[in-house]
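The values are calculated or read from the model by the stated rules, or taken from the named source; none is laboratory data. Everything numeric here is computed off the predicted structure, so don't read it as measured data. In this analysis, Cβ positions are derived from the backbone assuming ideal geometry, glycine residues included, and neighbour counts consider all displayed protein chains.
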Amino acid sequence: MNNNSKVLALKYRPQIFDDLIGQEVVAETIINSIKADKVPNAYLFTGIRGIGKTTTARIVAKALNCSNGIEKMCIDNLCENCQSIANSSHIDVLEMDAASKTGVDDVRDLIEFSRYGPTSAKYKIFIIDEVHMLSKQAFNALLKTLEEPPSYLKFIFATTEIKKIPITVVSRCQRFDLSRIKSSELLDFIKKIKDKENGKVTDDALKLIVKISEGSVRDALSLLDRALLSLDNDKELDLNFAQKIFGYFDKSQLIDLFELILRGEEEKTIKIYRKIYDQGVEPKIFLNDFLELLYYFKNINSLTLESTNFSLNDEEFNKIKNISNQIQPDVLILFWQFSIKSLEELDIVSNQNLSIEMFLIRLMHLSSVKQVKQIDTRPTEENSTSKIEIKTETKIIDQIKNISQEEKKNPEIQTEVKAEIKTQINSFDELIATCSSKRELKLKFELEKNVNLVKFEKNRIEISFNDSLDKDFVKDLSTKLFEWTKERWIITLSKSKGDLSIREKKENEKKILIEKAKQTEIYKNFMENFPDAELVDVKSIIKEDKNND
């Protein structure tokens, strides 16, 4: 095949260790082991896609079998062995795709083939790509040969799923974890490829390619190949056109949308989102990008432009930095939690686009009360009771600061606080009724079944309880009491038995009614005719006589 007709990922595939980028430590270790004649029985390369696992395996095969040796390894004028390995045609270097040959019979053929020494090279080398796809039986068949192979036999494994390989296999290999390529290194690399190809691509477009590739060289070259083919020779690929090609929208739109959310401008917010949606951005991708933006707003002061993996340009970086200083961290954390929850809800909504619009509207109307809880547990003197005091401090979060006011450096921040109605609770029965009206059914259940009232006073409740009481009951009740009455309550746990619980009272009343009913003539006559019957419940019916006189 003509070298010019190859895709960039194959055309510029590294041929020697010096061509590798981002894997200097791995390359140096392998070179030193070969020079010291301490070559392991098997190499295991692991990492994400497109960072050079199979490429490194071929370079290792060349280094082991080069006719000139590791010190004078072929660079330009390849020897016969290096040329054959580069073309995947060497008789002693066998490449196998474990994804298509997963069975034990394939491994047995491999082992049978390994019984014969190399024909023209120093080592016979088996390169197995995606080795985690081998079956359990295939791995077991490989174990003995892997541990004690002939001196001329070497294995090189490559995988993206290291956890799927049995530990017995991993322990017999020299493992190398290939890292993601740093953004700056990858940017410099594709710049050089662009220049060699005489491509016209702006730096911002190249940075977008680096961001999308997520540290994968192959992905970056594939995207660059696509970008260079999408334009005529006399045009330059800029960021806007690159975003259209790769399906990414301008981050500045998302920053503008976030700013409008803070201002509470609903109509403009929805208009910008619909514009983003019309560009083909899926709701889940939008939410993930929104989460990424929230992360930048929260941590922008501890980040650099490079550490954002080129997700932002200089202007966007500075804009986020300015806005973030006007937003309280509590608000960003609240937005983050709400966005995560909305991301989970997308799977149960048929029209995800409408769900995102409602999510943005809810963000604008979102308000929060930050509660700081302090629990003080200490024994009281009377009745040897244990006192649990929960102090709750409320602080209204200035959720959305008016950005225009901040820009004018107005020190006064106006926060609108709605008047709240306090609930009066003067008895234990009123407390249960309030739980019912507020739909706090769990608290109502605990109060009726597992709590015995010892004393009820203003802002103070003394109770005893049974073993079934929920461990968070006191904390939950104290929080709700403060929320309802806007006053702090003290809940004391007493060793005194106290009154019967409401459930016990009802059961006792039921037993008394049943005993009274058994004394009636109706019950006795009924049991004579139905001796196997059992009285389980009695209901009293009160009839009111109306006099029309």
Report task. Determine whether segment 137-148 contains at least one residue that is buried (at least 22 other Cβ atoms within 10 Å of the Cβ) and touching a residue at least 24 places away in the same chain (Cβ under 8 Å). Result -> yes
Requested in this report: Could you identify the single residue in LYS480, LYS455 that is more than 30 Å from LYS539 (Cβ to Cβ) and touching a helix residue (DSSP H, G or I) at 6+ places or on another chain (Cβ under 7 Å)?
Outcome: LYS480
Query raised in the report: Condition test on ILE190, is it hydrophobic (A, V, I, L, M, F, W, C) and over 28 Å from GLN326 (Cα atoms)?
Result: yes
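Residue by residue, here is whether (1) of a type in the set (Lys, Arg); (2) at pLDDT 90 or above; (3) more than 30 Å from GLU487 (Cα to Cα) holds:
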site: GLU344; (1), (2), (3): no, no, yes
site: ILE348; (1), (2), (3): no, no, yes
site: MET358; (1), (2), (3): no, yes, yes
site: ARG362; (1), (2), (3): yes, no, no
site: ARG378; (1), (2), (3): yes, no, no
Report summary line: Residues of segment 247-269 being part of a helix (DSSP H, G or I), farther than 15 Å from ARG362 by Cα and without any contact (Cβ under 8 Å) to a residue 60 or more places away in the chain, in sequence order, are GLN253, LEU254, ASP256
Requested in this report: Could you tell me whether GLY117 is modelled with pLDDT of 90 or more, in a loop (DSSP other than H, G, I, E, B) and of a type outside the set (Val, Ile, Thr)?
Outcome: no
Report task. Please identify the pairs in which a residue from segment 107-131 that is assigned by TED's automatic domain parsing to the domain that holds ASN41 has its Cβ atom under 6 Å from the Cβ atom of a residue that is among the aromatic types (Phe, Trp, Tyr) and in a loop (DSSP other than H, G, I, E, B), counting only partners at least 6 apart or on another chain. Result -> GLY117/TYR152; PRO118/TYR152; TYR123/TYR152; LYS124/TYR152
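Based on what the data block shows, is ILE156 surrounded by 19 or more Cβ atoms within 10 Å (Cβ to Cβ), within 23 Å of VAL60 (Cα to Cα), modelled with pLDDT under 90 and not small (Gly, Ala, Ser)?
no
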Query raised in the report: Just checking, how many residues over segment 146-167 are out of contact with any strand residue (DSSP E or B) (no Cβ under 9 Å at 6 or more places or on another chain) and farther than 25 Å from SER120 by Cα?
Result: 4
Query - One residue from ILE327, ILE272 being of a type in the set (Val, Ile, Thr), at pLDDT 80 or above and part of a loop (DSSP other than H, G, I, E, B) - result: ILE327
Report task. Looking only at segment 120-147, count how many residues are within 29 Å of GLU80 (Cα to Cα) and in a loop (DSSP other than H, G, I, E, B). Result -> 5
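So which residues in segment 34-64 are touching a Cys at 6+ places or on another chain (Cβ under 8 Å) and part of a helix (DSSP H, G or I), if there are any at all?
LYS62
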Requested in this report: Inspect all residues belonging to segment 73-87 and state whether any of them is among the acidic types (Asp, Glu), more than 29 Å from GLU214 (Cα to Cα) and assigned to a helix (DSSP H, G or I).
Outcome: yes
Report task. State which residue pairs qualify: first residue farther than 14 Å from LYS539 by Cβ and inside segment 499-511, second residue acidic (Asp, Glu) and surrounded by 12 or more Cβ atoms within 10 Å (Cβ to Cβ) in any location, beta carbons under 7 Å apart, and separation of 6 or more residues or different chains. Result -> SER501/GLU448; ILE502/GLU448; ARG503/GLU448
Query - Where ILE31 falls short, out of the listed (1) at pLDDT 90 or above; (2) in a loop (DSSP other than H, G, I, E, B); (3) over 19 Å from LEU153 (Cβ atoms); (4) not hydroxyl-bearing (Ser, Thr, Tyr) - result: (2)
**Report entry** Criterion: closer than 30 Å to LEU260 by Cβ, among the basic types (Lys, Arg) and either surrounded by 13 or more Cβ atoms within 10 Å (Cβ to Cβ) or at pLDDT below 50 (or both) - qualifying residue of LYS444, LYS395, LYS449, LYS438
**Finding:** LYS395
